[in-house]
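Chemist: My questions all concern the structure below.
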Amino acid sequence: MQLSTRHLLGIKNLTKEDISLILSTAEQFKEVLQRPVKKVPSLRDVTIVNLFYESSTRTRFSFELAEKRLSADVINFSTSGSSVSKGETLLDTVNNILSMKVNMVVLRHSASGAPHFLANHIPAAIINAGDGINEHPTQALLDAFTIKEKLGNLNGVKVAIIGDIMHSRVSMSNIYLLTKMGAKVTVCGPPTLIPKYIREAFGVEVNYNLKETLDWCDVANVLRIQLERQDQVLFSSLREYNLAYGVSKNLLDSLKKEIIVMHPGPVNRGVELDSDVMDSKQSVILQQVENGVAVRMAVLYLLSNRTN
Amino acid sequence: MQLSTRHLLGIKNLTKEDISLILSTAEQFKEVLQRPVKKVPSLRDVTIVNLFYESSTRTRFSFELAEKRLSADVINFSTSGSSVSKGETLLDTVNNILSMKVNMVVLRHSASGAPHFLANHIPAAIINAGDGINEHPTQALLDAFTIKEKLGNLNGVKVAIIGDIMHSRVSMSNIYLLTKMGAKVTVCGPPTLIPKYIREAFGVEVNYNLKETLDWCDVANVLRIQLERQDQVLFSSLREYNLAYGVSKNLLDSLKKEIIVMHPGPVNRGVELDSDVMDSKQSVILQQVENGVAVRMAVLYLLSNRTN
Amino acid sequence: MQLSTRHLLGIKNLTKEDISLILSTAEQFKEVLQRPVKKVPSLRDVTIVNLFYESSTRTRFSFELAEKRLSADVINFSTSGSSVSKGETLLDTVNNILSMKVNMVVLRHSASGAPHFLANHIPAAIINAGDGINEHPTQALLDAFTIKEKLGNLNGVKVAIIGDIMHSRVSMSNIYLLTKMGAKVTVCGPPTLIPKYIREAFGVEVNYNLKETLDWCDVANVLRIQLERQDQVLFSSLREYNLAYGVSKNLLDSLKKEIIVMHPGPVNRGVELDSDVMDSKQSVILQQVENGVAVRMAVLYLLSNRTN
């Protein structure tokens, strides 16, 4: 089987079959990662560039490990110390890299749509590792993989996405993926951080009350509060945010059921998530990270044209 | 066959035979790079350090790919995050690295002559990846490779080098190489950016008129304008520079013949080169980048003592 | 044989047998590094992260080479361009990395005790590559290896440690190692840079006079003066420091015997060590660097659980 697309630009343009294929392929790679020998020769002689125009720990790391475990040749490229500071355009930079016979580009960029623009102009496969406030598709895929691993299914699962929905590429990709796969989605957060059109545009519910939202859901995907947004009067203070929308152990214990807590990381302990929740059995944050490598191996493998 | 030198410090001290040997070896590596499997075991168990004291995209990238495709072990070292900021001398830094059994050093440094100084003091092979305003030999070699690929020959070819000749290590290395190999060279640019002695010292022609220069040449090698030099009153403004010395499509169409347009990159679109020229059939800029990997593989291989 | 510890946090908690085992294993790896093929398959399929929260040249480089020559998969992580700037805790960062199936962590951190803290919370093996002003165990091990190589023994050897004892993790690790192995240690430096309790606490002698100290010792381990400490009125000026505690050729020539001069690097030529001493036969500084790779290979190998 093959994906319907040559690139992974976002979840928006994937079919249900694409998503299922990526998740089932990732299951096989996860099994590989449990072995003592975690390397497979699948992408031997494939050269991949990690082109990161924004800082990142886990995403860059996770892609690099995924690539190396597929036996690809890996070159890292980050903004500082490069021609970017010399004013070269993104397309010229990428065309230069591709002239050196690079097969795949993993791109993180602060401009929404940057990978889509590139995809129209270059022959190599592009994997979007996060573009502005648009999408972060591998994050949504690893979130879905983790939910499916825990609950056996995506169809019918009730997922709450909590926090700054407005500026989050993680929430966008999750909403696309979950609604396509039959899950029910409620977004929850301060009204200033939830887009007004979101119910009509994306078929998700909106609830400004955290307790009600948690009572409803099977899975709470808690987003990171970007500390640098504090100045923008979108919410009054970190302390007040924590009181209204922070997920605490007390709150979880007050629910009638045990829900699953997810977070894309890095976590601000004591802001959007209390420390004891993060370290509790309900939290699957580190499993998400683990699954990220398997999901990225699946994406890279499926887009490499090494399948047959 | 072997090179007459243990290092690649510049084109100045290469013989015609050295240059021919590098170019013919590069032809073989270019053929390797067209294959699905682009890796050869030539430098297995050779450790190479890329020691970059100045920022770079394509040169560092190109060397790293060349090294990895030769199966060398590669270690990157750049200024930030290193002892350099602690005031260690260049020679002490390099001697430390060599003590760890590193075989070859690829050096970029802002000081003209830095690799020559090192070559007198260390046993490892040094490849100059650009030293101050002195030389950038692998750039001249890939430029020559590209001209030869397009025109079949270097002898008798008419090459114009256009722009800031004064501060360009690319122009120096090109002048040395082209005159050695029998090409005819004219330099063209604002009088403030062309050294006064250049005709007498290097046997090249000088022409301050761009149209006349383009009418004469087979190949135009357009240099990058360093935007940071604007303050130095060497030319009045980027806009005026573009009007007098920018290579435009109109200008090219007004010539009686079709010339080849080269540029060492990164390009300032709309300054030294108009966008439609860069993207036209006459531009071989991306071929230069592609050939750069093959040329650097040839240099590394020939200097590695793995030949016999 | 096996080490008594799962981590290398410092010399303090190693036994004499541990130290001897590391040094004898390093001898075998040093022999490997003399061969044309310097790579062994010992750590194939082991993934190691170099997690450097402080800048470093030779230590990071030396670990990376050691890891690659053991055939480990290596991922580098340094502060800039990472989630660290986003306020994630050290433990969360490391747990994230480990979730991706990383086997060993080489950690440099500005906080004394950071690796010890981690060791209580994570399953992977940790190697301390320098923590604040506490310990730098691989430096002490390579210093000991070098002394043993030169003098055949550690027991009974007289070692002077000269300079800023107060703020030096190198001096702490050396004192622990040398006293455990039966060497005699004298520390020497300005009174402001020597802790008051050191004689009683660690069983070393204190001498504020450089000439007397050098007359006594077989080996002088000269510490780096941290130029950034000049502002702190711990000593009056670099020039006065050099006059009182700088090791000069004249001073060495005035001794009745030929002592060995060591330095952990990077050297401030003309401050703690004169240039002609550094470049003399008595200096074993570059041998120390060479031995560093062998010692780090030994530590990584012994902690990898690949021994049997």
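Values quoted throughout were computed directly from the atomic coordinates according to the rules given, and no laboratory measurement underlies them. Keep in mind that this is a model prediction, so the values were computed, not measured. Cβ sites come from the backbone with ideal geometry, for glycine too, and all protein chains shown count toward neighbours.
Chemist: Dividing the convex hull volume of the Cα atoms of the range B:148-216 by its residue count, what figure in Å³ per residue is obtained?
Modeler: Normalising the Cα hull of the range B:148-216 by residue number yields 83 Å³.
Chemist: Right, something else. Viscosity 0.890 mPa s, temperature 25 °C: what is the translational diffusion coefficient of the range A:185-307 from Stokes-Einstein with a Kirkwood Rh over Cα pairs, rounded to a whole number of µm²/s?
Modeler: 153
Chemist: Rounding to the nearest 20 debye, state how big the charge dipole of the range B:137-288 is about its Cα centre with +1 on each Lys and Arg Cβ and -1 on each Asp and Glu Cβ.
Modeler: Result for the range B:137-288 is approximately 320 debye, rounded to the nearest 20.
Chemist: Moving on. Within 10 Å of each Cβ in peptide A:99-107, how many partner chain Cβ atoms are there on average? Round it to a whole number, please.
Modeler: What the average comes to for A:99-107 is 4.
Chemist: Let me ask something additional. What does the helix-only formula give at 222 nm for chain B: each DSSP H stretch with n ≥ 4 adding -39500 (n - 2.57), the total divided by the residues, and the result rounded to the nearest 500 deg cm²/dmol?
Modeler: That comes out to -11500 deg cm²/dmol.
Chemist: Continuing with the same structure: Quick one: what Rg and Dmax do you get for the protein assembly as shown from the alpha carbons, in Å?
Modeler: 30.3, 91
Chemist: Considering only the other residues whose Cβ falls under 10 Å of the Cβ of B:LYS38, what net charge follows from Lys and Arg at +1 and Asp and Glu at -1?
Modeler: Cβ neighbours under 10 Å give a net charge of +3.
Chemist: Which distance in Å, rounded to a whole number, links the C-alpha centroids of the range C:1-51 and the range C:94-119?
Modeler: Going from one Cα centre to the other spans 18 Å.
Chemist: Compute the signed sum of charges (Lys and Arg +1, Asp and Glu -1) over the other residues within less than 13 Å, Cβ to Cβ, of B:VAL185.
Modeler: +1
Chemist: Averaged over all directions, how much area does the convex hull of the C-alpha atoms of the range C:90-171 cover when projected, in nm²?
Modeler: 6.7
Chemist: Give the range of the longest stretch in chain A that excludes all trypsin sites (Lys or Arg not before Pro) found in loop regions by DSSP and having at most 10 other beta-carbon atoms within 10 Å.
Modeler: Answer from the scan: A:1-195.
Chemist: Would you look at the GNM of chain B, springs on alpha carbons closer than 10 Å, and say which of B:GLN226, B:GLN139, B:GLN287 moves the most?
Modeler: B:GLN226
Chemist: Based on other C-beta atoms within 10 Å, arrange C:PHE202, A:PHE52 from fewest to most.
Modeler: Numbers: C:PHE202 16, A:PHE52 21.
Neighbour counts put them in this order, fewest first: C:PHE202, A:PHE52.
Chemist: Starting from one equal scatterer on each C-alpha and no solvent at all, send me the Debye-based log10 I(q)/I(0) for the range A:1-86 at q = 0.12, 0.22 Å⁻¹, two decimals.
Modeler: Debye intensities relative to I(0), on a log10 scale: -0.48, -1.25.
Chemist: Also, I was wondering about something else. Considering only the label points, 7 Å along Cα→Cβ from Cα, what distances in nm to one decimal separate B:LYS257 from the same position in each other copy, shortest first?
Modeler: The answer, with the shortest distance listed first, is 8.0, 8.0 nm.
Chemist: Here's something else I'd like to know. Please list log₁₀ I(q)/I(0) at q = 0.16, 0.17 Å⁻¹ for the range C:95-231, using the Debye equation with identical point scatterers on the alpha-carbon positions.
Modeler: -0.85, -0.93
Chemist: Next question. About the Cα centre of the protein assembly as shown, what is the dipole size in debye to 20, counting +1 per Lys and Arg Cβ and -1 per Asp and Glu Cβ, all else neutral?
Modeler: So the magnitude is around 1760 debye.
Chemist: Which three extents, in whole angstrom, do the alpha-carbon atoms of chain A cover along their principal axes, largest first?
Modeler: 56, 43, 36
Chemist: Now, a different point. Would you kindly work out, in nm and rounded to one decimal, the distances from the label point of B:ASP276 to those of the same position in each other copy, ordered shortest first, with label points 7 Å along Cα-to-Cβ?
Modeler: Nearest first, the other copies' label points are 7.0, 7.0 nm away.
Chemist: Using a label point 7 Å beyond Cα on the Cα-Cβ vector, give me the inter-copy distances for C:GLU17 in nanometres, one decimal, shortest first.
Modeler: When each copy's label point is compared with this one, the spacings are 6.4, 6.5 nm.
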